[in-house]
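Participant: Provided herewith is a single structure, encoded as structure tokens, for subsequent inquiry.
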Amino acid sequence: MPNPAFPHLRQVIRALRTRRELTQEQLAEKAGVDYKHFQLLEIGRSEIPSLGTVRKIAEALGTKPWVLICDDLRLVCDATGLTRDELATAAKPAAGRPRKKKPSDA
């Protein structure tokens, strides 16, 4: 679910991370942020990150913080060299472990 404050944050981070062939864990370590917090941020299950966190992630990805929070994808593509297809792919949910069913779901 996109965050209304930064609607493309998650997909821009994921697209840049994928392009740089980094895992979530590697990028979190490089940025100096908690891995679980980063993981939740990238999948859209965390609150709005602090600007300090955005700055750390941007530096680790070799870009400026404004690129991650920009709401104009054309500007993001121009600044990063990402394509619209890369951003669209990054917006799709990643395959992962299936969620455990709760007893109430059975």
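Participant: With the requirement that a residue be over 13 Å from the mean Cα position of the chain (by Cα) and either within 19 Å of Gln24 (Cβ to Cβ) or of a type outside the set (D, E, K, R) (or both), what does the range 56-69 give you?
Facilitator: Our first condition is that a residue be over 13 Å from the mean Cα position of the chain (by Cα); within the range 56-69, this holds for 59, 62-64, 66.
The answer is Glu59, Gly62, Thr63, Trp66.
Participant: Just for the range 73-106: of the residues that are open to solvent by 90 Å² or more (accessible area, probe 1.4 Å) and small (Gly, Ala, Ser), which one is modelled with the lowest pLDDT? Steps first, please.
Facilitator: Filtering the range 73-106 for residues open to solvent by 90 Å² or more (accessible area, probe 1.4 Å) gives 74, 78, 84-85, 92-93, 95, 97-106.
Filter once more, so that each one left must be small (Gly, Ala, Ser): 95, 104, 106.
Values: Ala95: 60, Ser104: 65, Ala106: 53.
Ranking the candidates gives Ala106 first.
Conditions (1) assigned to a helix (DSSP H, G or I); (2) loosely packed, with under 15 Cβ neighbours inside 10 Å, marked per residue:
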| position | (1), (2) |
| --- | --- |
| Phe6 | no, no |
| Gln11 | yes, no |
| Ala15 | yes, no |
| Glu21 | no, yes |
| Glu25 | yes, yes |
| Glu47 | no, yes |
| Ala60 | yes, no |
| Asp71 | no, yes |
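Participant: Tell me yes or no: at least one residue of the range 2-23 is farther than 23 Å from Thr83 by Cβ and acidic (Asp, Glu).
Facilitator: Checked against the condition, which is being farther than 23 Å from Thr83 by Cβ and acidic (Asp, Glu), the range 2-23 yields no hits at all.
Participant: Return yes or no: is Arg55 in contact with a helix residue (DSSP H, G or I) (Cβ under 6 Å, 6 or more places away or on another chain), closer than 16 Å to Ala90 by Cα and not in a loop (DSSP other than H, G, I, E, B)? First the steps, then the outcome.
Facilitator: On the way: in contact with a helix residue (DSSP H, G or I) (Cβ under 6 Å, 6 or more places away or on another chain): yes; closer than 16 Å to Ala90 by Cα: no; not in a loop (DSSP other than H, G, I, E, B): yes.
Taking the combined requirement at face value, the residue does not satisfy it.
Participant: Would you mind finding the one in Glu47, Glu25 that is at pLDDT 90 or above and of a type in the set (Asp, Glu)? Spell out how you get there, then give the answer.
Facilitator: On the way: Glu47 fails: at pLDDT 90 or above.
That would be Glu25, the only listed residue that is at pLDDT 90 or above and of a type in the set (Asp, Glu).
Participant: With Val12, Val54 as the choices, which residue is touching a residue at least 40 places away in the same chain (Cβ under 8 Å) and touching a Pro at 6+ places or on another chain (Cβ under 7 Å)?
Facilitator: Val54 is the lone residue from the list that is touching a residue at least 40 places away in the same chain (Cβ under 8 Å) and touching a Pro at 6+ places or on another chain (Cβ under 7 Å).
Participant: Restricting the search to the range 30-45, which residues are open to solvent by less than 30 Å² (accessible area, probe 1.4 Å) and either in contact (Cβ under 8 Å) with a residue 24 or more places away in the chain or part of a loop (DSSP other than H, G, I, E, B) (or both)? If you could, list the steps in order and put the result at the bottom.
Facilitator: Within the range 30-45, the subset open to solvent by less than 30 Å² (accessible area, probe 1.4 Å) is 31, 33, 38, 41-42, 44.
Of everything in the range 30-45, those that are open to solvent by less than 30 Å² (accessible area, probe 1.4 Å) and either in contact (Cβ under 8 Å) with a residue 24 or more places away in the chain or part of a loop (DSSP other than H, G, I, E, B) (or both) turn out to be Ala31, Val33, Leu41, Glu42, Gly44.
The values are calculated or read from the model by the stated rules, or taken from the named source; none is laboratory data. Keep in mind it's a predicted model, so treat the numbers as computed, not measured. Note: ideal-geometry Cβ built from the backbone for every residue, glycine included; neighbour counts use all protein chains shown. The accessibility values were calculated without ligands, DNA or RNA, using every heavy atom of the protein model including side chains. Shrake-Rupley method; radii C 1.70, N 1.55, O 1.52, S 1.80 Å.
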